[in-house]
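Participant: Below is one structure. I have some questions about it.
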Amino acid sequence: MRFTWWDPPREGVERGTVLRAVGAEVREFRGRPEVTFTWKTRVAPASPAELPRVDSDEIPFRLVRDLRPAEEGFRIEVRVVRVAPKSVTVGTERRVVHEGLVADRTGGIALSAWSDFGLKVGEAVRIAGGYVRSFRGRASLVLDERSTVVRVDGTDLPDPAELLRSPPRSIAEVEDEGGGEAVAEEGVVVALLPPSGLVYRCPTCHRAVRSGICRVHGQVVGQADLRARIVLDDGTGALTVNANRADTERLWGVTLEGAQARLRNQPDPSLLEEEMLESLLGRRLRVRGVGTKDDFGVTLTPESIDPVEIDLDSSAEELAARLAERP
Ligand SMILES: [Zn+2]
């Protein structure tokens, strides 16, 4: 429940603090109750042991499809589709956030857990005490030390493989939906966007370095990396696929070391980029991953990129058979 505290303690109030308030006012604001501590309210610290136990059955049950940004105070049952720890900098602190995707029959939602709940792919869990946050237009379920996670049998929850192996859909459709957590697309490479090819990254934050300057860490010695920002078109629309080093090396057939050696012989990075474009242009790719949408359209962070080979022999046979059928 939202609350307003007029004249709060000067030293501030910490998240997680338990307070006892006597003489608080309850009002209605936009159809929801709200608590106000006025000059008449006596507020004092209390022990967490004094908090009444809330039966989890009292918390409303939600489906993933119905979760809205800023929502809290709900419980859901979901399957963990993917999860991996990621080290991030919050202020001056290094913290680990467990990021992933959870889903029920109605859809999937990104997950950011700031506490380690030991989540594993494939597990079915009941979650209470999380909240929904919107980041770059994508809703994400946030868990912290106040959230609870209980393992359930989850017989009516989807199989993670089923969710990730969904057949490709049209790019126009995914664009209309503003991206998605498990997007599958198939299309033809029509262009590369800069920066593609050999890039230099800050050794601390991995941002691309320009003229030896990281915009966060200043002057740094950049580390060489290979990437491709591929524009994929399926006839209904286009999206950008951000291929990392391993995918770029595999698709291009040139390693990072190979690219650096070429640059030493021919010190013009634009020629390298041209060479890369030549090898990728017109190829059909099947991509899967997380799609996010901004003013420039949908960008896909791939989990997999698979070239779709057009088998000339069988295509020719099929064509010959079709011609032979003609009267
Ligand atoms: Zn940096």
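The values are calculated or read from the model by the stated rules, or taken from the named source; none is laboratory data. In this text, all values refer to a predicted model and were calculated from it rather than measured experimentally. Cβ: placed from backbone, ideal geometry, glycine included. Neighbour counts: every protein chain shown. The accessibility values were calculated without ligands, DNA or RNA, using every heavy atom of the protein model including side chains. Shrake-Rupley method; radii C 1.70, N 1.55, O 1.52, S 1.80 Å.
Participant: What are the chymotrypsin sites (Phe, Trp or Tyr not before Pro) within the range 4-74 that DSSP puts in a loop, where the Cβ has at most 14 other Cβ atoms within 10 Å? Before the final figure, lay out each step's value.
Facilitator: Details: sites: 5, 6, 29, 37, 39, 61, 74; in loops: 6, 39, 74.
Taking the range 4-74 and a limit of 14 other Cβ atoms within 10 Å, the loop chymotrypsin sites (Phe, Trp or Tyr not before Pro) found are 6, 39.
Participant: Turning to a different aspect of this structure: Going 7 Å from the Cα of residue 1 toward and past its Cβ, which residues in the range 73-97 have a backbone nitrogen under 20 Å from where you end up?
Facilitator: 73-75
Participant: Once phi is turned into θ = phi - 60°, what whole-Hz ³J(HN,Hα) does the Karplus curve with 6.51, -1.76 and 1.60 give for every residue of the range 281-293, x standing for Gly and Pro?
Facilitator: Ordered by residue, 3J(HN,Hα) equals 4, x, 7, 8, 10, 10, 10, 9, x, 9, x, 10, 10 Hz.
Participant: Between residue 176 and residue 264, how many nm apart are label points set 7 Å from Cα along the C-beta direction?
Facilitator: Modelled inter-label distance: 5.3 nm.
Participant: Further question: What is the percent carbon and sulfur in the accessible area of the chain, measuring with a 1.4 Å probe over the protein chains and ignoring ligands?
Facilitator: On the way: 10410 of 20520 Å².
Carbon and sulfur atoms account for 51 percent of the accessible area of the chain.
Participant: Sticking with this structure for a sec: Above 24 Å lies some portion of the pair distances; for the chain, what is it as a whole percent of all C-alpha pairs?
Facilitator: Values: 36119 of 53301 pairs.
The calculated P(r) of the chain puts 68 percent of pairs beyond 24 Å.
Participant: Compute the length gained on full extension between residue 95 and residue 245: take 0.36 nm times their separation in residues and subtract their Cα-Cα distance, giving the result in nm to one decimal. Intermediate values should be presented prior to the final figure.
Facilitator: Numbers: separation 150, 0.36 × 150 = 54.00 nm, distance 2.55 nm.
51.4 nm is the gain from fully extending residue 95 to residue 245.
Participant: Further question: Using the basic label-point model (7 angstrom from Cα toward the beta carbon), what is the residue 57 to residue 13 distance in nanometres?
Facilitator: Simple spin-label model gives 3.2 nm for this pair.
Participant: Please work out the Kirkwood hydrodynamic radius for the range 1-81, using every pair of different C-alpha atoms, and report it in angstroms with one decimal place.
Facilitator: 15.5 Å
Participant: To the nearest 20 Debye, how big is the dipole of the range 31-164 about its Cα centre, given +1 on the beta carbon of each Lys and Arg and -1 on that of each Asp and Glu?
Facilitator: On the way: 21 positive and 20 negative charges, 107 e Å.
The calculated dipole for the range 31-164 is roughly 520 debye.
Participant: Given the convex hull of the Cα atoms of the range 227-327, what is a quarter of its surface area in nm²? The partial results should precede the final answer.
Facilitator: Values: hull surface 37.2 nm².
Averaging across all directions leaves 9.3 nm² for the Cα convex hull.
Participant: How would you rank 215-222, 12-19, 203-210, highest first, on the average number of other Cβ atoms within 10 Å across their residues?
Facilitator: 203-210, 215-222, 12-19
Participant: Just to confirm, what accessible area per residue do you get for the range 183-327 at 1.4 Å probe, in whole Å²? Don't skip to the answer; put the middle values down first.
Facilitator: Details: 8580 Å² over 145 residues.
So the range 183-327 comes to 59 Å² accessible per residue, rounded to a whole number.
Participant: Would you mind calculating the gained length between residue 150 and residue 211 on full extension (0.36 nm times residue separation, minus the Cα-Cα distance), in nm to one decimal?
Facilitator: Numbers: separation 61, 0.36 × 61 = 21.96 nm, distance 5.02 nm.
Full-extension gain reported as 16.9 nm.
Participant: Where only protein heavy atoms count, and the probe is 1.4 Å, what is the accessible area per residue for the range 117-174 in Å²?
Facilitator: Working: 3120 Å² over 58 residues.
So the range 117-174 comes to 54 Å² accessible per residue, rounded to a whole number.
Participant: Let me ask you something else. If you place +1 on the Cβ of every Lys and Arg and -1 on the Cβ of every Asp and Glu, how big does the dipole about the Cα centre of the range 96-219 come out, in debye to the nearest 20?
Facilitator: Details: 14 positive and 17 negative charges, 158 e Å.
It comes to approximately 760 debye.
Participant: Treat every Asp and Glu Cβ in the chain as -1 and every Lys and Arg Cβ as +1, leave all other atoms uncharged, and give the resulting dipole magnitude about the Cα centre to the nearest 20 debye. Numbers along the way, then the final one.
Facilitator: Values: 46 positive and 53 negative charges, 303 e Å.
Value, rounded to 20: 1460 debye.
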